[in-house]
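Peer 1: Before I ask anything, let me first share the structure, which is written out below as structure tokens.
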Amino acid sequence: MFEKIKKLLVEEMGIDEKLITPEAKLIADLKLNSLELAEFILTCEEEFGIMIKDEDLKKFTSVNDIVEYIENLK
């Protein structure tokens, strides 16, 4: 799942893949702003056929937070 999320971050958000690690912070390390993060979550919903609750968005601080959340839904 990490590799799929990484690929989406590179292709959809234009982030350098060298910066993307499971521990990378979405805002501090990858420089996503809140709008970009919301866009990325929508992309993940479409890509994986899932729904992410709005109240869960604030739980996503690192790449691994998104990976684990999606893995737990599957």
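The values are calculated or read from the model by the stated rules, or taken from the named source; none is laboratory data. In this text, all values refer to a predicted model and were calculated from it rather than measured experimentally. Reconstructed Cβ throughout: ideal geometry from the backbone, glycine too, with neighbour counts over all protein chains shown. These area figures cover heavy atoms from the full protein model, side chains too; ligands, DNA and RNA do not enter into them. Shrake-Rupley method; radii C 1.70, N 1.55, O 1.52, S 1.80 Å.
Let's see how each residue does on (1) exposed (fewer than 12 other Cβ atoms within 10 Å of the Cβ); (2) out of contact with any strand residue (DSSP E or B) (no Cβ under 7 Å at 6 or more places or on another chain); (3) modelled with pLDDT of 95 or more; (4) basic (K, R):
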residue: K4; (1), (2), (3), (4): no, yes, yes, yes
residue: A24; (1), (2), (3), (4): no, no, yes, no
residue: K31; (1), (2), (3), (4): no, yes, yes, yes
residue: E45; (1), (2), (3), (4): no, yes, yes, no
residue: I50; (1), (2), (3), (4): no, yes, yes, no
residue: K53; (1), (2), (3), (4): yes, yes, no, yes
residue: L57; (1), (2), (3), (4): no, yes, no, no
residue: S62; (1), (2), (3), (4): no, no, yes, no
residue: E68; (1), (2), (3), (4): no, yes, yes, no
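Peer 1: Something else about it: Testing T43 on (1) of a type in the set (S, T, N, Q); (2) touching a residue at least 40 places away in the same chain (Cβ under 8 Å); (3) in contact with an Asp or Glu (Cβ under 6 Å, 6 or more places away or on another chain), one condition comes back false. Which one is that?
Peer 2: (2)
Peer 1: Name the pairs: first residue in the stretch 54-74 and touching a residue at least 60 places away in the same chain (Cβ under 8 Å), second residue open to solvent by 10 Å² or more (accessible area, probe 1.4 Å) and not hydrophobic (A, V, I, L, M, F, W, C), Cβ to Cβ under 7 Å, at least 6 apart or on different chains?
Peer 2: V63/T21; V63/P22; N64/P22; N64/E23; V67/P22
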